[in-house]
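No lab work stands behind these numbers, since they all come straight from the coordinates. What you see is a predicted model; the values in this text were computed from it and never measured. Note: ideal-geometry Cβ built from the backbone for every residue, glycine included; neighbour counts use all protein chains shown.
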Amino acid sequence: MPIYSCICDECVIKFEVVKPMIQSDKIAFCPRCNGKARRDYQTDLPNSGNKNYPKLFVSEALGIHPDEAAEHRKRYPNVEVLPEGQLGFHNVSDHKKHLEAINWQKKPAKNKRKSQKIS
Ligand SMILES: [Zn+2]
């Protein structure tokens, strides 16, 4: 399922939700205040370059278990770990680097590699 960027109407933080495309324009709820959030089309635009996010970009989709927070901070010092395990990014570049580092796939790969049997 694709990831959509949302922005909270109440506390103006940005975050991501993972949901089916058919629900892409449905209202999401803020992970911090549970307020109504709308889709943030600007963040979803490709090639947005190395912009700083106006506020910490909170990703629930990439969240980790809070027990792993210390280890995560050691490994990815540019990524914030929030108390409930959501990850916070300060800019587009850190965000993209992190997605690459963990091999996150936003969309299914176009060219599927044939699976190889280990003999
Ligand atoms: Zn909020």
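Here are the numbers:
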| item | result |
| --- | --- |
| Mean separation of Cα contacts under 8 Å (6+ apart) over length of the range 3-101, as relative contact order % | 25 percent |
| Estimated FRET transfer efficiency (Asn103, Glu10; beta-carbon r; R0 25 Å; 0.05) | 0.15 |
| Nearest-0.05 FRET efficiency for Gln23 and Lys74, computed from C-beta distance (R0 41 Å) | 0.65 |
